[in-house]
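Written out below as structure tokens is the structure these notes cover.
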Amino acid sequence: MSRIRLLSEEVASQVAAGEVVERPAAVVKELVENSIDARSTRIEVLTRRGGISLIRVTDNGVGMDRDDALLCLERHATSKIRSGEDLAAIHTLGFRGEALPSIASVSRFRLSTREHGALAGTEVLVAGGKMETVRDGGDAPGTQIEVRSLFYNLPARRKFLRTEATEASHVEHQLHLLALGHPAISFVHLQDDRIAFQLAPAASLLERIRDLSGPALAAELLEIPESATAGCEGIRVTGYIGRVGVSRSTRQQQVCFLNGRAVENITISQGLREGYHTALMKGQHPVTFLFIEMDPAAVDVNVHPAKREVRFRSPSEIRQAVILAVRAALESDRTRWSAEFRPGPAPAPLPARGESPEMQHAQTPLPLPEPARPTLAIPQPPATGPAGSLYAAPQQPAPGRTDAPDSPQSPGTPWAPSPAHQEPLEQPPAPGPVPETFRFLGVLGKLYVLMENASGLVLVDQHAAHERILFEEMQRRMEQQGVPSQRLLLPLTLQLGPKDADWVERNMELLERAGIALEGFGAGTFKIDSLPIFIKAEDPAQLLHDIIDDLRETTLQGARLRLGHDLIAKTVCRHAVKANDTLREPELTKLVEDLLACELPYCCPHGRPTMIQLSYGELERKFGRRA
Ligand code: ADP
Ligand code: MG
């Protein structure tokens, strides 16, 4: 006896609904996407009890005639594609012709629609997939769809819904994405008769972001320069990303659109992570509003019924484009950053710049006293500077001293990061303001360097600044000729476990470029011949163990990240400088100058800030001199 049966339309729709309509937010997404595809300029969404009891989407789009209003409830009925070839180049958000029949099969459904210019519209009522009424209706041109009692006929599914508050937050997130993806469309969201948001058509994406997320976040964003992805064939990346230091512990605000569709995609996430690279703290996620546009034929959106996932034909090109976009945006922030920390003594009056409230305020200065001489104790290190201090400057230039990196014997500066800035090193540690630069005030807790600039107080994390400078220098050198290394007087042998040994074998060349020369003797035994010149390790073997541990951990965590120069540089740097190395004024001045000359001066290679500005405005507020 044959056992195979064709499922009824009703059951088949319910099965399909399992994938498309997993929760109220999915219904909202499908309905609003239809409204967008119907070229609406205004979309209103009303939800009750997190969308479980009611979702109503009203648009002013093209509407449907009677035939279409009936047909749209059939499975695989769509106006958006006609042939298999169309699948290869989808320009609309929908195309599967599945959403409406699926939703109608698991709810009490009402469609009311009218074409512009039509005398009458159509109203269709469906309950649990059964069409109950078709009549004249549709007051305003456009379409209104009501979905009540979601999953009322599928108690098992209904049980899987979370609390109303959770479902409501999913709906809200979904609407945010849709509104961000289409700034020109006006959106209204009513939640249990309260206005959750009301968005006028925005002239720009930034305006929409500001309307949705507030001016504070908008002010922390950097625009991706037009030119960033100019060299990427067929891929354009635009939008906004958070400046260094702006990140979140979840991906909630990592928003990416691909051809107008919000997507989550590992290739894009990797590109973002790699683009930020050292500018992102461990465990943090960037804030992005990224728009990728590319040939629809080069991406498959038909991977998942809800179309959240996409598959790229060549992921590496996408990743590269995202990296370029992020880097270009971050680097574009240098000018602003340097301006914020702009050198210059003396408090206000400042030149009229009117950039921030603080600055505007500073134009009408409070009667601040003349800056006093530094009263904080400036630590006086031994004349030759402590061992291992990167910036230790000799009192007198040593005779025959050279700053060439390949002369390991040169005292003092074992490795001067930026030869262009040698002068301050030679300068005697004269008291008083350093001309044309920050005025040095002192050192706090052996770590924070206090400086005065035109806007107020600048705090520099000496350690973070060191690391950034060293990292960029090391990266450059590794790319060019490799890091200068110093031969050890007594080569050390190192015994490694099989996994570490294997890792070292495979990365020997990279390590050598980083200044660590090793020779393998088999069975996990290695001989260390030399170490990077700036590392003054008391126990080189232990140091190497630490470095290998770090690198292995990093590569395991970011399993798909390339093990590149930058990663090695970052790790080696960590072992190169210590926070409490005592530096003196000229060295500190040079430190700040070198930092400002870096590509990404804002943060250390681990994403922590290098400098903090405490403006006069903030100080005045703290001291109650202003509201
Ligand atoms: P898809 O969007 O994949 O085509 P749907 O089931 O979501 O499938 O919608 C079926 C069809 O109904 C659409 O192709 C469209 O022609 C029509 N439609 C749905 N919603 C609207 C709307 N808000 N305005 C105008 N037409 C709509
Ligand atoms: Mg659709």
Residue 143 meets each of (1) within 8 Å of ligand 1 (Cβ to nearest atom); (2) surrounded by fewer than 18 Cβ atoms within 10 Å (Cβ to Cβ); (3) part of a strand (DSSP E or B) with one exception, condition (2)
Those residues of region 430-468 which are charged (D, E, K, R), over 25 Å from residue 278 (Cα atoms) and at pLDDT 85 or above amount to 452
Looking across region 47-74 at residues that are within 15 Å of ligand 2 (Cβ to nearest atom), open to solvent by 60 Å² or more (accessible area, probe 1.4 Å) and not aliphatic (A, V, I, L, M), the single one that is farthest from residue 120 (Cα to Cα) is 74
Of those in region 34-46 that are part of a helix (DSSP H, G or I) and open to solvent by 10 Å² or more (accessible area, probe 1.4 Å), the residue farthest from ligand 2 (Cβ to nearest atom) is 36
| query | Can we say residue 21 is in contact (Cβ under 8 Å) with a residue 40 or more places away in the chain and crowded, with 24+ Cβ neighbours inside 10 Å? | reply | yes
(1) open to solvent by 60 Å² or more (accessible area, probe 1.4 Å); (2) within 22 Å of residue 304 (Cβ to Cβ) all hold for residue 100 apart from (1)
Per the list (1) within 22 Å of residue 261 (Cα to Cα); (2) within 16 Å of ligand 1 (Cβ to nearest atom); (3) open to solvent by 30 Å² or more (accessible area, probe 1.4 Å), residue check on residue 204 breaks on (2)
Across region 495-528, the tally of residues that are surrounded by fewer than 16 Cβ atoms within 10 Å (Cβ to Cβ) and acidic (Asp, Glu) stands at 4
Within region 293-340, restricting to residues that are among the acidic types (Asp, Glu) and within 14 Å of residue 258 (Cβ to Cβ), the one that is modelled with the lowest pLDDT is 309
When restricted to 113, 92, 122, the only residue within 11 Å of ligand 1 (Cβ to nearest atom), in a strand (DSSP E or B) and either modelled with pLDDT of 85 or more or open to solvent by less than 50 Å² (accessible area, probe 1.4 Å) (or both) is 113
task = Looking only at region 19-26, decide whether some residue is assigned to a loop (DSSP other than H, G, I, E, B) and either within 16 Å of ligand 2 (Cβ to nearest atom) or among the aromatic types (Phe, Trp, Tyr) (or both).
result = yes
Here the residues within region 9-18 that are surrounded by fewer than 24 Cβ atoms within 10 Å (Cβ to Cβ) and within 11 Å of ligand 1 (Cβ to nearest atom) are 16
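The values are calculated or read from the model by the stated rules, or taken from the named source; none is laboratory data. This structure is a prediction, so every number in the text was calculated from the model and none was measured. So basically every Cβ, Gly included, is an ideal-geometry build from the backbone, and we count neighbours across all protein chains shown. The accessibility values were calculated without ligands, DNA or RNA, using every heavy atom of the protein model including side chains. Shrake-Rupley method; radii C 1.70, N 1.55, O 1.52, S 1.80 Å.
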